[in-house]
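Student: Dropping a structure here in structure tokens format, bear with me for questions.
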Amino acid sequence: MTRFLRCGREAVLAEVDDLDAALALYAALRAAALPGVTDLVPAARTVLIRFDPAVTSPAMVREAAAALEPDGHGQAYAGSVEIPVVYDGPDLAEVAEHLRVTPDEVVARHTGTPWTVAFAGFAPGFGYLTGGHPSFDVPRRTTPRTRIPAGSVGLAGRFSGVYPSDSPGGWQLIGSTTERMWDLDRPEPALLLPGVRVTFKAVRR
Amino acid sequence: MTMTVLRTGPLAVFKDAGRPGHAHQGVAPSGAVDRAAYARANVLAGNPPGAAVLECTLGGLRVRFDEAAVAVLTGTDAVLTVDGERTGVEEVVEVPAGATVSVTMPRRGLRSYLAVRGGFAVPPVLGSRSTDQLGMGPARPAPGDVLRIGPVSGKPGDAPALAPAVDGPLEVDLGPRDDWFTAEAIETFLRAEYTVTPASNSVGLRLDGPPLTRARTTELPSEGVVRGSVQVPPDGLPIVFQADHPVTGGYPVIAVLTPESADRAAQLRPGATVRFTLAPH
């Protein structure tokens, strides 16, 4: 069931029960291309619908969005990518210790279960990946690093992610990839768009 | 035609109508912080809506034109000087070739918008020439930069008469997360006086004043935010998101400013005091 929350004069916040429902609603809204809607912001349990108030209104957007019938859970398939990773990150040993397994087992778990891009945020091209091995729930580093190189593959909470550009950050780094997460020469610069399935593959340096 | 930057003042950035439509890739809309002043500048200069202008914080910009140009400054009571001669507030100025044009320090307001007929022709990034303070779009102009002005495509328009400056409280609609706060907190939010702190910028206005107490202390999963969202972090001190806000926020948003009030908020300087009130429907 979608609940619509007031969010000023130029947006409506649609809240659903979980991430799958949010992804399904996002996919339905994207396909519907409602008149006047300028931007969609999918997140963990919500989709923010931003619109042009000269074209439509909160009431019209709520009504149109409520009439959509999002596909069932897990149906919001948006393509898949395989990301080659060298698993030599500075926090691999610490993550292994936290999970009480060997570093090789961390790699096996990270590559063994496909992930899904839940939503983007933090930086252009940064996709929050969910749905990996259920044992992953690792704390952020107590002191964030001031500079993490682009391509670093990390874990935080139940999420995994790949840093698209050099930036500060507090995620536990387990490896790195040469695959570009953000490329302005692509029609959609972000590789990891909401709904995309992601499989990591261990490669040698 | 080109315009050479001689001095930038505290902060001068390119701004336009922003880059909506990319939030799903983690890219925020950005755009001019005071949208109304930005739109007026283009109307007065005879530019199509969406043309790029320079957003000047607290004046100080000085430039030189190689050819005759038409320029206008909006947003504050700062004015343009042409070879040292003051012009009027929001006056459309015919600048002779080779003249030096400066932006004076505003006595009222914070962000002025310099439009030149033809618009600034910096290459767009994802369809927009706005520099997002969080890292997207054209580089900030620096002294010595030679900026190309685009071809003239429009005619100067008549902007509506300058609305009198409004000093009243900023108008808000409660939500989306007003139910995360106690009734006392909402009452405080709508009554108390807050002060704009020096940590404020085009990402957000950081306010100091009575902290707002939450009714729920669980963690809110991050969710999309808009320009004008009043987000309340655990210290209880509100932050008003401005044009360069991040795509999502991790703290509950108690209320959202009306677009008109978000424009007024764009002109508040550190040290200014501000109140919030419910917007009429």
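Student: Mind counting the residues in the range A:127-146 that are over 19 Å from the mean Cα position of the chain (by Cα) and either part of a loop (DSSP other than H, G, I, E, B) or within 22 Å of A:LEU191 (Cβ to Cβ) (or both)?
Tutor: Final tally of qualifying residues: 4.
Student: Something else: Does at least one position in the range A:147-157 carry a residue that is surrounded by fewer than 13 Cβ atoms within 10 Å (Cβ to Cβ), under 17 Å from the mean Cα position of the chain (by Cα) and within 27 Å of A:LEU40 (Cβ to Cβ)?
Tutor: So far as the range A:147-157 goes, no, none of its residues is surrounded by fewer than 13 Cβ atoms within 10 Å (Cβ to Cβ), under 17 Å from the mean Cα position of the chain (by Cα) and within 27 Å of A:LEU40 (Cβ to Cβ).
Student: Name the strands (runs of 3 or more DSSP E) wholly within the range B:64-144 that hold at least 3 residues that are within 19 Å of the chain's Cα centre (by Cα)?
Tutor: The qualifying strands (runs of 3 or more DSSP E) are B:69-74, B:111-116.
Student: Are any residues in the range B:46-62 on the phi < 0 side of the Ramachandran plot, part of a loop (DSSP other than H, G, I, E, B) and open to solvent by less than 10 Å² (accessible area, probe 1.4 Å), and if so, which ones?
Tutor: B:ALA52, B:LEU61
Student: Out of the residues in the range B:259-281 meeting the condition of being polar (S, T, N, Q) and either assigned by TED's automatic domain parsing to the domain that holds B:ARG40 or farther than 19 Å from B:SER202 by Cβ (or both), tell me which one is nearest to the chain's Cα centre (by Cα).
Tutor: It comes out as B:THR273.
Student: If you scan the range A:19-47, which residues turn out to be under 15 Å from the mean Cα position of the chain (by Cα), within 10 Å of chain B (Cβ to nearest Cβ) and not basic (Lys, Arg)?
Tutor: A:LEU19, A:ALA22, A:TYR26, A:LEU40, A:VAL41, A:PRO42, A:ALA43, A:ALA44, A:THR46, A:VAL47
Student: Hey, another quick one. Can you find even one residue in the range B:96-111 that is of a type outside the set (Ser, Thr, Tyr), closer than 19 Å to B:ASP158 by Cα, assigned by TED's automatic domain parsing to the domain that holds B:VAL13 and modelled with pLDDT of 95 or more?
Tutor: No: zero hits.
Student: Shifting gears a bit: Kindly indicate the residue of the range B:10-45 that is farther than 22 Å from B:GLU260 by Cβ, assigned to a loop (DSSP other than H, G, I, E, B) and at pLDDT below 95 and also farthest from the other protein chains (Cβ to nearest Cβ) among those meeting that condition.
Tutor: B:HIS22
Student: Taking into account only those residues within the range A:1-18 that are out of contact with any helix residue (DSSP H, G or I) (no Cβ under 6 Å at 6 or more places or on another chain), open to solvent by 50 Å² or more (accessible area, probe 1.4 Å) and not in a loop (DSSP other than H, G, I, E, B), which is nearest to the other protein chains (Cβ to nearest Cβ)?
Tutor: For the range A:1-18, the residue satisfying everything is A:ARG6.
Student: Taking the residues in the range A:117-146 that are within 14 Å of chain B (Cβ to nearest Cβ) and closer than 16 Å to A:ILE83 by Cα as candidates, determine which candidate is surrounded by the fewest Cβ atoms within 10 Å (Cβ to Cβ).
Tutor: Across the range A:117-146, the extreme among qualifying residues is A:THR130.
Student: So, in the range B:112-137, of the ones that are open to solvent by less than 50 Å² (accessible area, probe 1.4 Å) and polar (S, T, N, Q), which residue ends up farthest from the other protein chains (Cβ to nearest Cβ)?
Tutor: B:SER112
Student: Right, here's the next one. Quick check on the range B:2-9. Is at least one of its residues open to solvent by less than 20 Å² (accessible area, probe 1.4 Å), under 22 Å from A:ASP39 (Cα atoms) and more than 14 Å from chain A (Cβ to nearest Cβ)?
Tutor: No, that holds for no residue.
Student: Which condition number does A:VAL95 fail, the rest of (1) free of Cβ contacts under 8 Å to residues at least 40 places away in the same chain; (2) assigned to a helix (DSSP H, G or I) being met?
Tutor: For A:VAL95, the failing item is (1).
Student: Let me ask something else about it. Is the range A:69-83 home to any residue that is surrounded by fewer than 21 Cβ atoms within 10 Å (Cβ to Cβ), more than 17 Å from the chain's Cα centre (by Cα), in contact (Cβ under 8 Å) with a residue 12 or more places away in the chain and not in a loop (DSSP other than H, G, I, E, B)?
Tutor: no
Student: Quick one: which residue in A:ALA32, A:ALA27, A:ALA14 is small (Gly, Ala, Ser) and under 19 Å from B:ARG177 (Cβ atoms)?
Tutor: That would be A:ALA14, the only listed residue that is small (Gly, Ala, Ser) and under 19 Å from B:ARG177 (Cβ atoms).
The values are calculated or read from the model by the stated rules, or taken from the named source; none is laboratory data. Predicted model, so just to flag it, every value in this text is computed and none were measured. All Cβ positions, even for glycine, are placed from backbone atoms using ideal geometry, and neighbour counts span all protein chains on display. Side chains included, ligands, DNA and RNA excluded: accessible areas come from the protein's heavy atoms. Shrake-Rupley method; radii C 1.70, N 1.55, O 1.52, S 1.80 Å.
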